[in-house]
1. Out of the residues in segment B:69-99 meeting the condition of being closer than 16 Å to B:R170 by Cβ and within 16 Å of ligand 1 (Cβ to nearest atom), tell me which one is most open to solvent (accessible area, probe 1.4 Å).
2. Quick one: which helices (runs of 4 or more DSSP H) sit completely within segment A:1-83 and have at least 2 residues that are within 30 Å of A:D323 (Cβ to Cβ)?
3. So is A:T180 touching a His at 6+ places or on another chain (Cβ under 8 Å) and surrounded by fewer than 18 Cβ atoms within 10 Å (Cβ to Cβ) or not?
4. Quick check on A:R192: is it open to solvent by 40 Å² or more (accessible area, probe 1.4 Å), assigned by TED's automatic domain parsing to the domain that holds A:D135 and touching an Asp or Glu at 6+ places or on another chain (Cβ under 9 Å)?
5. Starting from segment B:32-53, keep only residues that are in contact (Cβ under 8 Å) with a residue 40 or more places away in the chain, then list their pairs with residues that are away from ligand 2 (no atom under 11 Å from the Cβ) and hydroxyl-bearing (S, T, Y) whose Cβ atoms are within a distance under 8 Å, requiring at least 6 positions of separation or different chains.
6. Counting only residues that are more than 18 Å from B:E231 (Cβ to Cβ) and of a type outside the set (S, T, N, Q), how many does segment B:1-26 have?
7. Name the pairs: first residue in segment B:129-153 and within 19 Å of B:K187 (Cα to Cα) and among the hydroxyl-bearing types (S, T, Y), second residue open to solvent by 10 Å² or more (accessible area, probe 1.4 Å) and modelled with pLDDT under 95, Cβ to Cβ under 9 Å, at least 6 apart or on different chains?
8. So which residues in segment B:89-99 are at the interface with chain A (Cβ under 7 Å from one of its Cβ atoms) and either of a type in the set (V, I, T) or over 16 Å from B:Y147 (Cα atoms) (or both)?
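The values are calculated or read from the model by the stated rules, or taken from the named source; none is laboratory data. Note that the structure is a prediction, hence the values are computed from the model and not measured. FYI the Cβ positions are ideal-geometry reconstructions off the backbone, even for glycines, and counts take in every protein chain you see. The protein model used for the area step is the full one, side chains on, heavy atoms only, and it has no ligands, DNA or RNA in it. Shrake-Rupley method; radii C 1.70, N 1.55, O 1.52, S 1.80 Å.
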Amino acid sequence: MQVLRLLFTRLATTAITLAGVAVIVFFVIRVVPGNPIAMMLPPGATEDDIARLSALYGLDKPLLTQFGIWVAGVIQGDFGTSITTRQPVLDLVLGRLPATLELSIMALIMAMILGGAAALTGTRFRGGRTEGAIDVANGMALSVPDFLWGLVLILLFGVLMPVFHISGRVTPSLELPFTTNFYLFESLIRLRFDLWADIVAHMFMPALALAIPLAAIIGQLLKQSLKETVNLDYVTLARTKGYGETRVILREALRNAALPTLTLVGVQFTFLIGGTVIIERLFSYEGLGNMAIDAVINRDLPLIQGIVILFAVIFTGVNLIVDLLYTVLNPRLRHG
Amino acid sequence: MSFLSIRNLSVRLKKGPPLLRRVSLDVAAGEVRGLVGESGAGKSMIGKAVLGILPPSIEVTEGEILLDGVDLLRLPLAERRKRIGAMAALIPQDPLTALNPSHRIGPQITDRLVDILGWTRPKADARARELLAEVQIPDPDRVLRSYPHELSGGMRQRILIASAFAAEPRLIVADEPTTALDVTVQKQILKLIAGMQARHGTALLFVTHDLGVVSKVCQKLSVLYAGMVVEDTSVTDFFAAPRHAYSAALLAATPKYTDPLAGLQPVPDAVIAAVQAEVAAFDKGVAHG
Ligand SMILES: Nc1ncnc2c1ncn2[C@@H]1O[C@H](COP(=O)(O)OP(=O)(O)OP(=O)(O)O)[C@@H](O)[C@H]1O
Ligand SMILES: [Mg+2]
């Protein structure tokens, strides 16, 4: 019940949010100087050429009319045509989405494993030198942004000790039997572990760069929350039952301590997705973020609009999933 | 040989003043010992020491805690916990915070049986049902599937009692098990604990403020002041003629059931001064040798 109600209200508010995003992105990118038509034509094109091309893309009409046409199209699932590639925006964007999703989720998993391990170890050895070391590592991880971690990783594992690929998503010479663009996922399903390993070797560094700051946040929040939880009465009661301290933490404390961390991780994960834009560029990873930068450079207005809307959908989707998870994991809310 | 024997136990806040001062007390198998004293006297501290759950900020400076003849303080942590888990149990003070909010009731009763004592799950489940019947909880199957927040405080305390008796421990520490409850429920819970203790023949260390309760459920009594045992006696002797002036004053300060206000008088200042002088003399004695 609770879950259905949440879903329903969320769909309503999401629609409003997306409408707002649509208005803002549409008008803002038209206020910013730079004309897509001028970018496309060779130097020395005549006024006439410009006018003709402008008419072709509907850019000669009044702004409000352009907006109306775009919105009408979007409602029918038509996001227009990319000015630079002349392909439907929706196809382009959905074609790149899997790459970015796989990268973000890989980064999230890495962050949860690293952060969770740091928090659990720190709690298990609380008050000692191990906890101090973990705090220092967390602080360092947090004080350096993801793209700088990207550069550090490139130096370490791309140049000094070249174990991972520093650019692209997959080695170009490989034959790809895939029907979807979820390469990482599909290679697993098809049991093509050779391809899977190649894809992971490409994805490892960008994903880790994105993961490090989030891992530090998870590590800090979860450890703090765990350290409060391990002193609660029910955890102490479990100690009298004969459990060792590690099992006490995992069995009794972890789940309740993870709940308050979860919401914050949701917000931080949307920041991580935002971080893919620069990280994908840095590692020439063919995802949405990389495409977004090209689109901005080329003033490809329909494509920018499409990408921004898609990012907005992803962000609200992530928040919705976090709220649903919170409801499902917290028995006190489930029956409300 | 007593089942639980505490010998000269002293604990303190790390680098701080002592909180327990050479506490000695015994609980024989099947016996109920009351532990009384004003707030802060160290009653819970004794219970925590016995169950191996002293907070990390507290250190034991001397003494032994013999559980069935083995000194718990000499055992490594994991082994100590296993021994305590197999032989002893706690009935906590506040049933609202003593159950894990995200686990169902069933596993919270059976966890020790399955994980520590190696019972099979069906056997443990059957035992849980049996225990819930014994603590007079109707509809056990529904309750076992419930989460703590779905049950009342009284119900939860019954569950914690069931859980404490689950592994047939030889010793139970009950730390003011009724103070957090509604007055109307307190008596029922008290009766339940006393009844189960008698039926199972479990030794019980019963922490309480209430001498009325002591007279009903305990055979032995330790009176604590500032972490020091000032009187260790049988309950009949205590109520006939307490030996220590502080105990006598405590007894006089206890309201009678018939007329709650009539006998109520605070512990006289002179008595407090005398017992404090004893504590000071003790500390001096420790300092000198
Ligand atoms: N975690 C702790 N850290 C420091 N001091 C503590 C801690 N727990 C208890 N104390 C101190 O130890 C002394 C004994 O506390 P204890 O809880 O055993 O008292 P008590 O007799 O159970 O009192 P009450 O009747 O209020 O429960 C008190 O002076 C208390 O302030
Ligand atoms: Mg207490």
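1. Among those that are closer than 16 Å to B:R170 by Cβ and within 16 Å of ligand 1 (Cβ to nearest atom), it is B:L90.
2. A:2-31, A:63-75
3. No: the conditions fail for A:T180.
4. It is true that A:R192 is open to solvent by 40 Å² or more (accessible area, probe 1.4 Å), assigned by TED's automatic domain parsing to the domain that holds A:D135 and touching an Asp or Glu at 6+ places or on another chain (Cβ under 9 Å).
5. B:R33/B:S222; B:G34/B:S222; B:L35/B:S222; B:V36/B:S222; B:G37/B:Y225; B:E38/B:Y225; B:A41/B:Y225; B:L51/A:T240
6. 12
7. Correct list of pairs: B:S152/B:D182; B:S152/B:V185.
8. Initially, segment B:89-99 is screened for residues at the interface with chain A (Cβ under 7 Å from one of its Cβ atoms), giving B:89-90, B:92, B:94, B:97-99.
B:A89, B:L90, B:P92, B:D94, B:T97, listed by residue number.
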